[in-house]
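Let me begin by presenting the structure, written as structure tokens, before commenting on it.
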Amino acid sequence: MTRRLGIIGHPVAHSLSPVFQQAAFDACGIEARYEHWDTPPETLPERIASLRAPDILGANITIPHKVAVLSLLDELEPFALRVGAVNTVVVRNGRLVGANTDGPGFVRALRESAGFEPTGRQILLVGAGGAARGIAFALAESGAARLAVWNRTGARATELVAELRAVYPEVRCETHSSLVSLSGFDAAVNCTSVGMEGTGTEHQLPFEPSDTDSGCLVVDIVYKPEETMLLRAARAAGRPTLGGLPMLIFQGALAFERWTGRDAPIEVMMRAARQALGSPVPPC
Ligand code: ATR
């Protein structure tokens, strides 16, 4: 029986998940079809109920359903429960289990693509939306020593920091008052949409990377374009950098590993995603 999976969101036509997940299933010789499941909010309960069909292996969940889906599932993994958001559904013994691989995917990208171990480190997060939230929780979980959050709308940063402090009292969590001072961090992460294609902010910097300390890793979670203004400016200033594509791939890899019980073919997934983005693909 061909197993089916899909990405549940609205809209989902632009999603890269079907491209690199299908490439992963094909490379592993697993008979499965990964589909676009565009789901307007009013039909979410129906869509989640349809995951109980015998040919379904699982699903990904994206905007705007990552929080709304919680109440429709049978079970949540502990990290998904703490973050309060789900991006992956796994069918386990007929039960729909919610997982969050966004933040853990970010941490795995830090480790495997940038060689950066977050344990004991001081990290600045710029942005306080859904993406920043998953990343902040995963960094706290990984034993970061200090997390500072700056956001254009200050109240959202304050709220996120209050939640982090309540769940991770051992981590020094604080709001960061100004982007004028960026020293004292081992990594600075853009968690906003500034720089993303189609937002009108492609030529803006979410922060000035040359204001960070010289060894500070500058990370952008934006992956389209693959080389954002921030990454270009950071490289010009001699900072080590990490782009958004590895995070996207590793969140998918962690989902793939849950669905199949097998290691994800990271290189295959990366190549497929880069090809779809129109980025240069290195030869095998
Ligand atoms: P996501 O789930 O992708 O994080 P979100 O929850 O809408 O999406 O959050 C978007 C983030 O990008 C927020 O931190 C937002 O700042 P505000 O809370 O002040 O809106 C930030 N953001 C978006 N556009 C921005 C801009 N032009 N300048 C600075 N920050 C911006």
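The values are calculated or read from the model by the stated rules, or taken from the named source; none is laboratory data. Note that this is a predicted model, so its numbers are computed, not measured. Cβ placement follows ideal geometry from the backbone for every residue including glycine, while neighbour counts extend to all protein chains displayed. Areas reflect the complete protein model, heavy atoms only, side chains present, ligands, DNA and RNA absent. Shrake-Rupley method; radii C 1.70, N 1.55, O 1.52, S 1.80 Å.
Residue pairs whose Cβ atoms lie under 9 Å apart, separated by 6 or more positions or on different chains, with the first residue in segment 186-203 and hydrophobic (A, V, I, L, M, F, W, C) and more than 12 Å from the ligand (Cβ to nearest atom) and the second assigned to a loop (DSSP other than H, G, I, E, B) and open to solvent by 60 Å² or more (accessible area, probe 1.4 Å), are 187/121. None of 267, 227 is part of a loop (DSSP other than H, G, I, E, B), open to solvent by 60 Å² or more (accessible area, probe 1.4 Å) and of a type in the set (D, E, K, R) except 227. On the given criteria, is residue 175 open to solvent by less than 60 Å² (accessible area, probe 1.4 Å) and either away from the ligand (no atom under 16 Å from the Cβ) or of a type in the set (Val, Ile, Thr) (or both)? For residue 175, the condition - open to solvent by less than 60 Å² (accessible area, probe 1.4 Å) and either away from the ligand (no atom under 16 Å from the Cβ) or of a type in the set (Val, Ile, Thr) (or both) - is not met.
Residue-by-condition table, conditions (1) small (Gly, Ala, Ser); (2) within 22 Å of residue 243 (Cα to Cα); (3) touching a residue at least 12 places away in the same chain (Cβ under 8 Å); (4) in contact with a helix residue (DSSP H, G or I) (Cβ under 8 Å, 6 or more places away or on another chain):
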| position | (1), (2), (3), (4) |
| --- | --- |
| 96 | no, no, yes, yes |
| 104 | no, yes, yes, yes |
| 109 | yes, yes, yes, yes |
| 121 | no, yes, yes, no |
| 128 | yes, yes, yes, yes |
| 144 | yes, yes, yes, no |
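The set of residues in segment 56-101 that are open to solvent by 30 Å² or more (accessible area, probe 1.4 Å), within 21 Å of residue 161 (Cα to Cα) and within 16 Å of the ligand (Cβ to nearest atom) comprises 66, 67. Looking only at residues in segment 201-222 that are part of a loop (DSSP other than H, G, I, E, B) and either closer than 19 Å to residue 115 by Cα or modelled with pLDDT under 95 (or both), the one that is most open to solvent (accessible area, probe 1.4 Å) is 214. When residue 44 is tested against (1) surrounded by 22 or more Cβ atoms within 10 Å (Cβ to Cβ); (2) farther than 25 Å from residue 162 by Cβ, only condition (1) is not met.
Which members of segment 113-167 meet the condition of being within 16 Å of the ligand (Cβ to nearest atom), part of a loop (DSSP other than H, G, I, E, B) and either at pLDDT below 95 or open to solvent by less than 30 Å² (accessible area, probe 1.4 Å) (or both)? Of everything in segment 113-167, those that are within 16 Å of the ligand (Cβ to nearest atom), part of a loop (DSSP other than H, G, I, E, B) and either at pLDDT below 95 or open to solvent by less than 30 Å² (accessible area, probe 1.4 Å) (or both) turn out to be 127, 128, 129, 151.
Listed here are the residues, each with its yes/no results for (1) among the small types (Gly, Ala, Ser); (2) over 15 Å from residue 257 (Cα atoms).
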residue	(1), (2)
15	yes, yes
18	no, yes
30	no, no
44	no, yes
75	no, yes
80	yes, yes
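Taking residue 180, is it among the aliphatic types (A, V, I, L, M), modelled with pLDDT under 95 and within 16 Å of the ligand (Cβ to nearest atom)? Yes; evaluated as a whole, the condition is true for this residue.
Across segment 204-219, the number of residues qualifying as more than 16 Å from the ligand (Cβ to nearest atom) and of a type in the set (Val, Ile, Thr) comes to 2. For segment 24-41, filtering for residues that are in a loop (DSSP other than H, G, I, E, B) and open to solvent by less than 60 Å² (accessible area, probe 1.4 Å) leaves 4.
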